[in-house]
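Taking it in order: structure first as structure tokens, then the write-up.
Bear in mind these aren't lab numbers, they're just calculated from the coordinates by the rules spelled out. Just so we're clear, the structure is a prediction, and the values are computed from it rather than from any experiment. Note that we place each Cβ from the backbone using ideal geometry, even for glycine, and neighbour counts take in every protein chain shown.
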Amino acid sequence: MSPSMRMIAVLFLLLAPGAPALAERRSPVCGTIAQCDALIRTTPGIEAYERRGYLHLVQRRGLEDLEKAIDDFSAAIAIEARPFLLYARGMARLLSGDAAGQNEMEAAIMLQRDIEQEFKRYGAE
């Protein structure tokens, strides 16, 4: 399946009647990568993958951190494809040199117009 067809399928699932409602953004479940690692080992969940992916994305000391961020966002998307996750994974892909990341970011914006502002506020304390 081509990347554009996959994106259409994801959008269809998100917009289909009966699709799960998007969860409200809560306080981070873990504050460091090590805390997220421990949480994921014991009770993996969307919030822990989301947070760890975000932490890898913002620390990005190199391509390895971007790849880890993409993996974590992908794991979270497999649980529930939220606009925040699509936007974040798109950004990580774009920063790693994958131009398809732009399509994911645009798809997230189509689903939630203020997603860019939410992403900017996410790590602010």
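Based on C-alpha coordinates, I'd like the Rg and Dmax of the stretch 30-122, in Å.
Calculated on Cα positions, Rg and Dmax stand at 12.3, 35 Å.
What FRET efficiency comes out for I109 versus Q59 if R0 is 30 angstrom and r is the Cβ-Cβ distance? Round to the nearest 0.05.
With R0 = 30 Å, the Cβ-Cβ based efficiency is 0.75.
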